[in-house]
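This report refers to the structure that appears directly beneath it.
The values are calculated or read from the model by the stated rules, or taken from the named source; none is laboratory data. Quick caveat: nothing in here was measured; it's all calculated off a predicted structure. Cβ placement follows ideal geometry from the backbone for every residue including glycine, while neighbour counts extend to all protein chains displayed. All accessible areas refer to the heavy atoms of the entire protein, side chains included, with ligands and DNA or RNA removed. Shrake-Rupley method; radii C 1.70, N 1.55, O 1.52, S 1.80 Å.
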Amino acid sequence: KNDQLYRAEIVKHPELDRDSLMQLQEAVDSVSRKLFVSIIEKSGYPSKTNIGRETSLALLLHFTTENDLKELKELLLLELKEGRMKPDYYAYWYDRCLRNMNQPIYFGQYTNSVFCGEQLKQYNEHRLEIGLKELEGKTNCD
């Protein structure tokens, strides 16, 4: 419920000061992130294996600031390596963090783009590192 506290207001009332509302939402997200981290540290990443279903991607995608990346990267990478986190979840989260920091995405995951050539090769190498299937891409880059 708190996850959407101010986000819903931003959508309903675009005339309001979006930056101020997002600052309030980021404070709520910070508390949620701490709770989420404590759950992961205690019980592992919430996944089909330990809670019976995959439900946590939407929440995870709210923790995508530069600070979130710094705080969560190693923990989530460990969860990925231990098999408690799906590779595509990690890739969506990581790429969204990079995109939010105006940096190039790393896995080719958080986009609708189709890739080819050297870029496709690089994304596929990164994807294989974490157990994701390769992107198909284009056969002709022209």
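Residue by residue, here is whether (1) of a type in the set (V, I, T); (2) farther than 30 Å from M22 by Cα; (3) touching a residue at least 24 places away in the same chain (Cβ under 8 Å) holds:
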position	(1), (2), (3)
L69	no, no, yes
L78	no, no, no
N112	no, no, no
G117	no, yes, yes
L120	no, yes, no
Checklist (1) in contact with a Ser or Thr (Cβ under 7 Å, 6 or more places away or on another chain); (2) open to solvent by 40 Å² or more (accessible area, probe 1.4 Å); (3) not β-branched (V, I, T) applied to S20, failing item
(1)
Can you pull out the residues in region 85-107 that are touching a His at 6+ places or on another chain (Cβ under 9 Å) and part of a helix (DSSP H, G or I)?
A91
When region 38-83 is checked residue by residue, the ones that are assigned to a helix (DSSP H, G or I) and open to solvent by less than 30 Å² (accessible area, probe 1.4 Å) are I40, L60, D68, L69, L72, L76, E79, L80
Name the single residue, out of those in region 84-120 being surrounded by fewer than 13 Cβ atoms within 10 Å (Cβ to Cβ) and aliphatic (A, V, I, L, M), that is nearest to I51 (Cα to Cα).
M101
Can you name every residue in region 50-60 that is under 14 Å from P87 (Cα atoms) and out of contact with any helix residue (DSSP H, G or I) (no Cβ under 6 Å at 6 or more places or on another chain)?
S56
